[in-house]
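Down below is the structure, laid out as C-alpha cells.
The values are calculated or read from the model by the stated rules, or taken from the named source; none is laboratory data. Quick caveat: nothing in here was measured; it's all calculated off a predicted structure. Cβ atoms come from the backbone with ideal geometry, glycine included; neighbour counts cover every protein chain shown. Please note that ligands, DNA and RNA were not included when accessible areas were found on the heavy atoms of the full protein model with its side chains. Shrake-Rupley method; radii C 1.70, N 1.55, O 1.52, S 1.80 Å.
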Amino acid sequence: VAPAMWLWEDSRLFRYWRAFAPYYYIFAVSQEAPFTEALRGVGVENSLYLPRAAEPGVHKPLELGPADKKRFGADLSFMGAGYPNRRQAFRQLAGYDFKMWGTEWDEEPALAQHLQMKGQRISPEDAVRIFNAAKINLNLHSGTRRDQAVTGGDYVNPRTFEIAAAGAFQLVDKRTLMPAMFAEDELATFGSMEELLEKVDYFLARPEDRAAYARRGQERVLLDHAY
C-alpha cells in the first residue's frame, strides 16, 4: 500500500481509478458523494475530499506586450482538449472572434480556422498568457456526449481556479460543488447553450462587468483556493 494519491480527473469520465485506488492509504479526490460511496465499494476507506486550486506564483495577471496581445488576444478563447460536448458547443460560436488552444481537435472542419498552433499542447506559461489576453475565457467542462453540451456535473476543473487567479474573466458552466467555492458574483456561469450564447453577447458589450467579476473571482481564489 502506497501512502497517498490525489486524483485530479473527473471520476465519471476516467474510471481507471478502480484499478489502483485500493492500493493507497489515503486517496484524495475532487468530488464528493456518490464518488465516495463508489470508492468504499472497491475497498477505499480513507478517501479525502480535496478540491483543486491555483498557484498564484504561476497563475497571475500579466502585462502583455503588443506581440503577445496579437498572438493570444481574442474576444473568446478556450484552452483544452476536444471532447465531444465541446465540439458540439463551439460550432455555435464559429462566427465570433474565437481562438481555440489545445489537443484532440482533429477532424473538426467547422472549427479548423479557430484552432491555434495546429492543435499542439500548450505550455503552462502560454496558458496564463491566453487567460490574460482573452476578453472572455470559455470554461466548458468535458463530456463524452455530443447531444449534451452542458453536462451539469459536480467536478470543478483546475481551469476554474487558474483563470480566476490570473485576474481574468471566464464564463463557466454550473457545477453542483461550485456554490460552496464561489459566490454568485465571483463567477459568471451558464447552465445551457442558450444561456452561454446570451451571456457571451452580454459580457462582450460590458467590459466593466467582466472586470468586476474577474476582480472578485481572483480575490476568492487567493483567499480560499491557492496551493
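Quick look at the values:
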| read-out | value |
| --- | --- |
| Eligible aspartates and glutamates near K69 by straight Cα distance, threshold 15 Å, same-chain separation 8 or greater | D97, E125, D126 |
| Cα-centre dipole for the range 158-227 with unit charges at Cβ (Lys and Arg positive, Asp and Glu negative), debye to 20 | 200 |
| Distance histogram for the range 73-115 (every C-alpha pair counted, 5 angstrom bins, percent rounded to whole numbers) | 6, 24, 42, 22, 6, 0 |
| Sites matching trypsin sites (Lys or Arg not before Pro) across the range 27-121 that sit in DSSP coil, with at most 14 neighbouring C-beta atoms within 10 Å | R121 |
| On Cα atoms only, tilt of 207-224 relative to the major axis of the chain in degrees | 20 |
| Under-5 Å amide H pairs with L171, H placed in peptide plane, nonlocal only | N137, L138, N139 |
| Accessible surface of the range 159-198 [probe 1.4 Å, protein heavy atoms]: carbon and sulfur percent | 49 |
| Mean-position separation - Cα centroids, the range 1-38 and the range 86-133, in angstrom | 30 |
| Cα-based Rg of the range 115-184 normalised by 2.2 N^0.38 Å, two decimals | 1.19 |
| Tail weight of P(r) past 19 Å, computed on alpha-carbon pairs of the range 172-226, percent | 31 |
| Sum of side-chain charges, R146 neighbourhood, beta-carbon under 15 Å (Lys, Arg +1; Asp, Glu -1) | 0 |
| Net dipole in debye of the range 63-149 [+1 Lys, Arg Cβ; -1 Asp, Glu Cβ; about Cα centre; nearest 20] | 80 |
| Loop-located GluC sites (Glu not before Pro) in the range 174-207 whose Cβ has at most 12 other Cβ within 10 Å (DSSP) | E184 |
| Whole-Hz ³J(HN,Hα) from phi, Karplus 6.51 cos²θ - 1.76 cosθ + 1.60, for the range 167-175, glycine and proline x | x, 9, 8, 9, 10, 10, 6, 5, 10 |
| Dipole of the range 1-74 [Lys/Arg +1, Asp/Glu -1 at C-beta], most positive-end residue of L64, A38, L13 | L64 |
| Angle in degrees between helix 193-204 and the longest Cα principal axis of the chain, rounded to the nearest 10 | 50 |
| Projected-area average for the range 1-116 over all orientations - Cα convex hull basis, square nanometres | 10.1 |
| Selection from S123, A166, T151, by position along the positive dipole direction of the range 108-209 (Cβ) | S123 |
| Across K60/K135; K60/K99; K70/K174; K118/K174; K118/K199, pairs whose alpha-carbon gap is larger than 24 Å | K70/K174; K118/K174; K118/K199 |
| Where a label projected 7 Å from the Cα of R215 along Cα→Cβ would reach, residues of the range 154-173 with amide N under 17 Å | 164-170 |
| Charge context of E162, other residues only, Cβ under 14 angstrom, K/R +1, D/E -1 | +2 |
| For the chain, fraction of C-alpha pairs farther apart than 30 Å, in % | 25 |
| Added length on full extension, which subtracts the Cα-Cα distance from 0.36 nm per residue, E195 to E63 | 44.4 nm |
| Net length gained if the chain between Y23 and A183 were fully extended (0.36 nm per residue, minus Cα distance) | 53.9 nm |
